[in-house]
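Let me begin by presenting the structure, written as structure tokens, before commenting on it.
The values are calculated or read from the model by the stated rules, or taken from the named source; none is laboratory data. Just so you know, these numbers come straight off a predicted model, no measurement behind them. No Cβ is skipped: glycine too gets one built from the backbone with ideal geometry, and neighbour counts run over all protein chains shown.
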Amino acid sequence: MGVGKRLHRGGISRRLRRRRGGLSFIELATALLIIAVASLGTVKSFYIAHDELSRAKRRFRANQFLKQELEFWVARLHKGNLSPQEYNLPSRERSVVIDYRGPGPRDNIVGHVRMVRITPYDDFDTAEDPDYWIVRVAIRYDEPRYVDGQKEEYQVVYKLDGAIVKAG
């Protein structure tokens, strides 16, 4: 009788047969732990991506309102119905809703857009006075941010400079 027969009758063969029947508790717990950690990371990354997308959307909308305000003042300069007092005085702030977030008015993110100033630019080589007008506009709004579950807001200010309009 050789070594092979002893292995088939003995306890080693039974242990191997029992082992092939399914998964042990440790293997199952390890697999569940790996799946839980992977899904937690995936959910966290989706939350961060959604937050960044919302922030980019608000930035885009703020830039749209800045362009509208700039075009308004440039059109007034072209039309010529701008009084000299309005050149150096900042305009009234106009409130615009940047992000509609809920049914209540306090849920929305509201921006305040205004013309900062209109500066004359004079080229000394020409006879015209002034040669160009430089229009500056700005918008500010409170950007919400959540740190450790608490809502904190910080102010975002965008300025658009350098819309040069030929005088005359």
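Taking interchain pairs and intrachain pairs at least six residues apart, which have beta carbon atoms under 7 angstrom, with the first residue in region 141-168 and polar (S, T, N, Q) and the second at pLDDT 75 or above? Listed by first residue and then by second, the contacts come to GLN155/ARG140; GLN155/ASP142. Only one of the numbered conditions (1) at pLDDT below 75; (2) touching a helix residue (DSSP H, G or I) at 6+ places or on another chain (Cβ under 8 Å) is not met by ILE109, and that is (1).
Going by what's in this entry, would ARG114 be described as more than 22 Å from ASP51 (Cβ to Cβ) and at pLDDT 70 or above? Criteria met by ARG114. Within region 60-86, being touching a residue at least 60 places away in the same chain (Cβ under 8 Å) and either within 30 Å of GLU143 (Cα to Cα) or aliphatic (A, V, I, L, M) (or both) holds for ALA62, ASN63, PHE65, LEU66, LYS67, GLU69, LEU70, TRP73, VAL74, LEU77.
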